[in-house]
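Below you'll find the structure, written out as structure tokens, and then a few comments.
What follows is calculated from the coordinates using simple rules that are stated; it is not laboratory data. Everything quoted here is computed from the prediction, not taken from an experiment. For neighbour counting, all protein chains shown are included, and Cβ atoms are generated from backbone atoms with ideal geometry for every residue, glycine included.
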Amino acid sequence: TIKKKPNFELSRYLGSRLSKQEHQTTRVMKRVILFAHRLDMNLLLFMLCVALLCGSSWSLSSPSTVGGDAAAVRSTTTISPNNPRSTATSLNQKNLDGKKFPRTWVPIASTYELDPDRPTPLQFLGQKYVTYQDNDTNWVVLDDVCPHRLAPLSEGRVDREKNAIQCSYHGWEFNSTGNCIRIPQANAEIESTALLSPRSSVASYPVYVENKILFVWPWKEDVLSVAGKSWACPEGMMEKIKPVVATFSRDLPYSWDALVENLIDPSHVPFAHHGLQGKRTDAIPINMTFPIVKGEEGFTFNWEDRTMGLMRAGEGGFRAPYLVWYDADFDSDSRRFELFVFCVPTKPGWSRAIILNTAKTKTVDEKAEKTTKKGYLIGAV
């Protein structure tokens, strides 16, 4: 018996992705690694060789490949019949599959706050992702894990010459479809076989940019499952929002429901935001109508309060499951108050607030609409 065993992180991870017929091979490999450890061999390099050999044997036992030609996979990052989106098993999708949360596109970040030349880590419902911009200026979202040794790809770099993201640990490279295109430690023969194995790739997700907000579809369900549901799609979530000219994002130690509840509670503003958005003497009874519930789309309401000594009144609402919005006018001022905040659950007990700053110009039709709708629930205080 061996009292001290080496770290089998790689073997455990790959073992969880094997079929029953392949587990016997994995057990044999573990024994080989144990033997190498006892001989004080360079374990990391030895495990790399084993992983590459595994890629070769697994590709023989599994007909599934990410493409028909390894050279074709290397030469392009565009999704095509020769280079489809990675077929790698996504542990993130498996974990999300059991969560009871609306299946919609997810506003995961603002492109204003992303560096196109550096991988950026992102989170949603406890799952970790990485984003960067490829050479075609398309935003890419992948699982934030290299399939080799589970290192975070967000700690790597963007290789502009190869239009790929490179792992900082052993230099494995992946294109925007998630397919592995380079294994530096492998010779040409082993590499050509390993690149065709889905186990050498990383999960890639559909993305969409609407009005400077990066949306991702992280779910196991097909993206077409929300066809016809505008509230679940980027265009519907951003409906009637003017061009976004700036954003401010902040990760907060609030659960998602607490953050949403906080934002639809204007009575806290005079105290929690004294000197910034109001002052303590502004506190008055808040008039707010019962919400008009629109099913799974959310709800709307009318409201009225006082801030910085001025009365304001207008509409507000919640576009489920992310956007809290307000649209109001001041009683004795030509200014307009607008607030749009995406509330995104990132991990247990934490959420990200993405605050949108929109263009302030109003069209003639919008001015006429506001004049018609303007009215107060109570008289001036």
Packing-ranked peptide list from 174-183, 147-156, highest mean Cβ count within 10 angstrom first, is 174-183, 147-156
Honestly the range 252-328 on the Cα gyration tensor test (a ≥ b ≥ c root eigenvalues; a/c under 1.5 rounded, otherwise a/b vs b/c for prolate or oblate) is just oblate
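What FRET efficiency comes out for Arg85 versus His274 if R0 is 56 angstrom and r is the Cβ-Cβ distance? Round to the nearest 0.05. If you can, show how the numbers build up before the last one.
Details: r = 50 Å, r/R0 = 0.90.
With R0 = 56 Å, the Cβ-Cβ based efficiency is 0.65.
Can you give me the Kirkwood hydrodynamic radius for the range 102-180, using every pair of distinct Cα atoms, in Å to one decimal? Before the final figure, lay out each step's value.
Numbers: mean 1/r = 0.0785 Å⁻¹.
12.7 Å is the Kirkwood radius here.
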Once both label points are put 7 Å beyond Cα along the C-beta direction, the Arg250-Lys294 separation in nm becomes 2.8 nm
Highest mean packing first, using Cβ neighbours within 10 angstrom, the peptides 193-202, 240-249 sort as 193-202, 240-249
Once amide hydrogens are built 1.01 Å from N within the peptide plane, the residues lying 5 or more places from Tyr205 or on another chain with amide H under 5 Å from its amide H are Val141
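Packing-wise, with mean Cβ within 10 Å as the measure, how do 319-329, 271-281 rank, highest first?
Numbers: 319-329: 20.3, 271-281: 12.8.
Per-residue mean Cβ counts within 10 Å order the peptides as 319-329, 271-281.
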